[in-house]
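Report on one structure; see the data block that follows.
Please treat every number below as a calculation from the coordinates, not as lab data. Since this is a predicted model, take the numbers as computed values, not measurements. Note that each Cβ is placed from the backbone with ideal geometry, even for glycine, and that neighbours are counted across all protein chains shown.
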Amino acid sequence: MRIGHGYDVHRLVPGRPLVLCGVEIPWEMGLLGHSDADVAAHALMDALLGAAGLGDIGKLFPDSDDKYLGVSSMALLEDVAARVAALGYTLCNADITIIAERPKLSKYTEDMRKTLAAHLNVPPDSLNVKATTEEGLGRASSEGIAAHAVALLEGPGPRVRNL
Ligand code: MG
């Protein structure tokens, strides 16, 4: 078993769609970023890559590369899942916490869970998505949206060394 953690934050700005875990949320602002800025998907990808020892999304999908300009994070998530699976890992479970003062997200979390499960090709009960605020105390959650994720992978056995 291997565990990974991911964290990300993006700034909220007018004139951008708000996409979280692949679900578009109706809201007056969206997240700024090179891709669709799906902060929750980014945290989940970093948790998966961390657990597999594969680095992070900044290394795999650099924002200096125009190939990733405006890209759907669900496409990147599928890429990450394929890399993790190629090493023989399967997902036990992942848990995502989205931190935002606004908008209220609780009514979308079930949709987010199903969307992630479909892109990862795992049962929805291996994922959990929840949303919280920081009671107005956090700059990241007031001027943007932050997300944490943890993921647990089950591997094919001890890694073979010294080959
Ligand atoms: Mg990001």
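Determine the sum of side-chain charges near residue 7: Lys and Arg each +1, Asp and Glu each -1, restricted to other residues whose C-beta is under 11 angstrom from that of residue 7.
Taking every Cβ under 11 Å from that of residue 7, the sum is -3.
Could you tell me the distance between the Cα centroids of the range 97-136 and the range 26-91, to the nearest Å?
The range 97-136 and the range 26-91 have Cα centres separated by 16 Å.
Report the normalised scattering of the chain as log10 I(q)/I(0) at q = 0.11, 0.13, 0.18 Å⁻¹, calculated by the Debye formula with identical scatterers on the alpha carbons.
-0.41, -0.57, -1.06
Taking the Cα atoms of the range 1-95 alone, what are Rg (to one decimal) and Dmax (as a whole number) in Å?
13.5, 42
With a cut-off of 18 Å, note down the residues of the range 28-57 whose backbone N falls inside the zone around a label point 7 Å from the Cα of residue 64 toward its beta carbon.
Residues passing the 18 Å test: 34-35, 56-57.
Which whole number in µm²/s is D for the range 61-110 by Stokes-Einstein, with the Kirkwood Rh taken over Cα pairs at 10 °C and 1.306 mPa s?
Using the Kirkwood radius from Cα pairs, D works out to 114 µm²/s.
Kindly write out, for the range 140-146 in residue order, the coupling ³J(HN,Hα) from the Karplus curve 6.51 cos²θ - 1.76 cosθ + 1.60 (θ = phi - 60°), rounded to whole Hz, with x marking Gly and Pro.
Those phi angles translate into 4, 8, 8, 9, x, 10, 10 Hz.
For a quick protection proxy, order the peptides 44-50, 130-136, 5-11, 25-31 by their average other-Cβ count within 10 Å, most packed first.
44-50, 5-11, 25-31, 130-136
Does the range 67-163 classify as rounded, prolate or oblate by the C-alpha gyration tensor (a ≥ b ≥ c root eigenvalues; a/c under 1.5 gives rounded; else a/b over b/c gives prolate, otherwise oblate)?
Here the range 67-163 falls in the prolate category.
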